[in-house]
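A.B. asks: The structure's right below; bear with me while I get my questions together.
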Amino acid sequence: MPDAPATILFVGDLVGGLGRRTLLGLLPALRERHDPTFVVVNAENVAGGLGITPKIADELLAAGVDVITLGNHAYHRKEIYPYLDDEERILRPANYLGTQPGHGFTVVERDGVRLGVVNLSGNLYLRAGRPAFVEIDSVLGRLEGKVDHVLVDMHAEATSEKVGLGWYLDGRVTAVVGTHTHVPTADLRVLPGGTAYITDVGMTGPAAG
């Protein structure tokens, strides 16, 4: 990746109103402490624990979230369908079918730095339309020369898929972060090729979530 320093704050998975209010309440202090160039949030469980609504998405984006990623509950609320097509800053997994609402990657720019964000779904135990490993190659080809950094949110059930994707993308993207299981893993590290990796970032919400 080109040498364009950036700090990325990734938050996942927002669960319900408590998760949303917690993020919105802490975001100003997090900005002051870490001075992130970009803020990316997985919010597929933010609307009552399942899905997301246009109103909530607008609230998160207005608060300074640069990109919202989703997952297997992306289509839980039908009112989000047209919003997913119209709003470039909210993503559903890229390896869903092209006929389904929304898009799976985007590029945002701040302070002259361009960040590509890719949302993927695991194939094992989840119902993604295309293989994640094939899809990410296609997406990275489309992003080539257009970004300084790439962040991949791998929303998957199986640890093996997340770990495999991390090694597959090592040296090709800036970071691979896992979401979906709501349990943080203790394997945060930088892989030999320079890609930051964690199997699951955990969740932001009620303790029983």
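A.B. asks: Sorted by mean Cβ packing within 10 Å, highest first, what order do the peptides 174-182, 107-115, 19-27, 85-93 take?
C.D. replies: Working: 174-182: 23.2, 107-115: 15.0, 19-27: 17.0, 85-93: 19.6.
The most tightly packed comes first, giving 174-182, 85-93, 19-27, 107-115.
A.B. asks: In vacuo Debye scattering of the stretch 166-209, one point per C-alpha: log10 I(q)/I(0) at q = 0.24, 0.28 Å⁻¹?
C.D. replies: Reported log10 I(q)/I(0), two decimals: -0.75, -0.91.
A.B. asks: What is the gain in length, in nm to one decimal, between residue 26 and residue 7 on full extension, counting 0.36 nm per residue of separation less the C-alpha to C-alpha distance?
C.D. replies: On the way: separation 19, 0.36 × 19 = 6.84 nm, distance 1.73 nm.
5.1 nm is the gain from fully extending residue 26 to residue 7.
A.B. asks: A further question follows. Compute the Cα gyration tensor for the stretch 71-165, then decide on rounded, prolate or oblate, letting a ≥ b ≥ c be the square roots of its eigenvalues: rounded whenever a/c is under 1.5, prolate when a/b is larger than b/c in the other cases, and oblate in all that remain. If you can, show how the numbers build up before the last one.
C.D. replies: On the way: a/c = 1.92, a/b = 1.15, b/c = 1.68.
Oblate is the answer for the stretch 71-165, as a/c is 1.5 or above yet b/c matches or exceeds a/b.
A.B. asks: Tell me, how many Å apart are the Cα centres for the stretch 186-206 and for the stretch 1-67?
C.D. replies: 17
A.B. asks: Using a 1.4 angstrom probe, figure out how much accessible area the stretch 1-145 has per residue, in square angstrom, rounded to the nearest whole. Could the numbers behind the result be given before it?
C.D. replies: Working: 6730 Å² over 145 residues.
Accessible surface, normalised per residue, equals 46 Å².
A.B. asks: Cα convex hull of the stretch 1-132: mean projected area in nm², to one decimal? Could the numbers behind the result be given before it?
C.D. replies: On the way: hull surface 33.8 nm².
Averaging across all directions leaves 8.4 nm² for the Cα convex hull.
A.B. asks: Treating cross-link reach as a plain straight distance, find the lysines whose alpha-carbon is under 22 Å from the alpha-carbon of residue 78, omitting any fewer than eight places away in the same chain.
C.D. replies: Hits, sequence-local ones excluded: 55.
The values are calculated or read from the model by the stated rules, or taken from the named source; none is laboratory data. Since we're looking at a predicted model, the values are computed, not measured. Note: ideal-geometry Cβ built from the backbone for every residue, glycine included; neighbour counts use all protein chains shown. SASA here: full protein model, heavy atoms, side chains in, ligands and nucleic acids out. Shrake-Rupley method; radii C 1.70, N 1.55, O 1.52, S 1.80 Å.
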